[in-house]
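This report refers to the structure that appears directly beneath it.
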Amino acid sequence: MNILVPNLGSTSLKYQILEMPSERVLARGRFERVTDYRDAISQIQVGEVPIHAVAFKAVHAGPKYRGTFPIDAGVVAAMEEFLPAAPAHNAIYLTAVRAFREAMPGVPLVAAFETEFHSSMPEHAARYGVPSEWCEEYGVRRYGFHGASHQYIGERVAAVLSRPAAELRTVSCHLGGSSSICAIHHGRSIDTTMGFSPQSGLENATRHGDLDVFAVLYMMDRRGWDAAEVRRQLTRNGGLAGLSGIPGGDARDIEQAAAAGNSNAALALDVFAYQVKKTIGAYAAAMAGLDAVAFTGGIGENDARLRALCCAGLEFLGLRLDPSLNESGAGDRILSAPGSAVAILALATNEELIVARRALRLISIPTA
């Protein structure tokens, strides 16, 4: 079975076509600075490869759809209902679903939601201190995102260390334009930084991260802003972009500005690294210890300086980063110094593979 997995970002579209269950990659591609997703989808090159299913790394459809499902009217309606919680992500995927239905009529479409991996979180980690009807009637709770990436990283850490995933306590740091951290205890997600929406947790490129909601209400009262204006500011001008003053919030641009003496850029990097470091410590407490910390994503995999900032001061937990290993090498690799009690790794994630595996399991289930 050949499964096409489109991975749609806020300004990018990458894809893989995987032959399953062999997991052989038949084709892959990437489009950057995408403004018209229908146009980008029309440019996906499948050649002579027959496509038997299209599987999306879908984002948010609330409490009913924390798993992998055939895309039907119910799934689409739930994605539309939770559009205000993930406006950029859900809008893109809804557009993609419609485009693929038109481009590949009759081909099954599957939604593998990012929230699936985090459905194992205990209630004490998932619930907010809000009136219970908010959760029970409207689904206000911590869902977590980047689930396919964190699941892959948990499995990959075990493979690289030649240890069973069921024995490991791993902190997975998916750091990039969109960032989150996950506590993976014996192969299961028990906590993660993103919550009801992908807005929360760490500062992202243009999204604010954790924020006291009363600060938002205060600004709305002071400036007369409506919800749409606040949503616009916090999704487009927040996060690292807001802290640094550098449009787009790309860490590479911010690092260049910091090196040139821009104090706001330096502050943005310090804020980001501090939140990562603080979260690693918190998740070590949540798991009663720590065996591995893995960095992935555009920043996590490639930015040695930020990795060093994130690990600095965590020696008391058993993390000892080897400076030379951290500054050199490529691909999946161990960065911890000899004798480090906690393994530190840089890994390339593979969300598309996880999505394809989930889709294969769904499609392979016999129907009554």
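Need one number: the % of Cα-Cα pairs in the chain sitting beyond the 36 Å mark. For the chain, the share of Cα pairs beyond 36 Å comes to 21 percent. Extension gain for the segment Glu315 to Val230, taken as residue separation times 0.36 nm less the Cα-Cα distance, is 26.6 nm to one decimal. Relative to the compact-globule estimate of 2.2 N^0.38 Å, the Cα radius of gyration of region 180-262 comes out at 1.30. Residues Arg307, Arg98, Arg33, Arg320, ranked from the fewest to the most other C-beta atoms within 10 Å, line up as Arg33, Arg98, Arg320, Arg307.
As a proxy for reagent exposure, ranking Ser200, Ser340 by other Cβ atoms within 10 Å from fewest up yields Ser340, Ser200. Take the Cα radius of gyration of region 2-113 and divide it by 2.2 N^0.38 Å, N being the number of residues; the result is 1.02. Counting only DSSP beta bridges with both residues in region 2-113, the antiparallel share comes to about 75 percent. Each listed q (0.16 Å⁻¹) maps to a log10 I(q)/I(0) for region 163-346 from the Debye sum over equal C-alpha point scatterers, namely -0.98. Dividing the helix sum by the residues of the chain, where each DSSP H run of 4 or more adds -39500 (n - 2.57), gives a mean residue ellipticity at 222 nm of -12000 deg cm²/dmol. Give the lysines reachable from Lys57 as a straight Cα distance under 23 Å; neighbours fewer than 8 places away on the same chain don't count. Cross-link targets: Lys14.
Throughout, read-outs are computed from the coordinates displayed, never taken from laboratory work. These numbers were taken from a predicted model, which means no experiment stands behind them. Positions of Cβ are generated from backbone atoms using ideal geometry, with glycine treated the same way; all protein chains shown enter the neighbour counts.
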